[in-house]
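The values are calculated or read from the model by the stated rules, or taken from the named source; none is laboratory data. These numbers come from a predicted model, not from an experiment. FYI the Cβ positions are ideal-geometry reconstructions off the backbone, even for glycines, and counts take in every protein chain you see.
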Amino acid sequence: MPIIKSAKKRVKTANKAAVRNSKTKRSLKSALKVFRKKPAAAAHSSAQSQVDRAVKKGVMHKNKAARVKKQLAAQSKAAGVKPVASKKKTAAKPAAKKAAPAKKATVAKKAAPAKKPAAKKAPAKKPAAKKK
């Protein structure tokens, strides 16, 4: 058992992190099991979501996550499952496109005065070689 106050605090925080990580791992494993048992579009999206969440929380490395997601996609394709487009992404795209041109127009008005180009410096002189 640690004696120093900061070490005691680290033990507590490490235990909290271990619990949080184990919950993330458990939900990831269960989502993968559900998908592997019966590949469906909803199970595929749920499994991918859990993989992304595990990467965000630092439980899984991003390269491993990419590999797992690729395997999930291959399994769903082999099973003949069509991916379902989420409603959130399709609704957000048109709004983002409309907002972008308005922002560019305001930036263009502010950037009207152009700056003069900086003067070029002369190249550094080489020291003369000594004669022997």
Any residue at all in the stretch 93-102 that's part of a loop (DSSP other than H, G, I, E, B), farther than 30 Å from Lys16 by Cβ, at pLDDT below 95 and not aromatic (Phe, Trp, Tyr)?
no
Scan the stretch 42-52 and give yes if some residue there is hydrophobic (A, V, I, L, M, F, W, C), at pLDDT 95 or above, closer than 30 Å to Lys16 by Cβ and under 20 Å from the mean Cα position of the chain (by Cα), otherwise no.
yes
Starting from residues that are assigned to a loop (DSSP other than H, G, I, E, B) and in contact (Cβ under 8 Å) with a residue 24 or more places away in the chain, keep the ones in the stretch 10-40 and report whichever is surrounded by the most Cβ atoms within 10 Å (Cβ to Cβ).
Pro39
Take the stretch 61-85 and flag every residue that is hydrophobic (A, V, I, L, M, F, W, C) and part of a helix (DSSP H, G or I).
Ala65, Ala66, Val68, Leu72, Ala73, Ala74, Ala78, Ala79
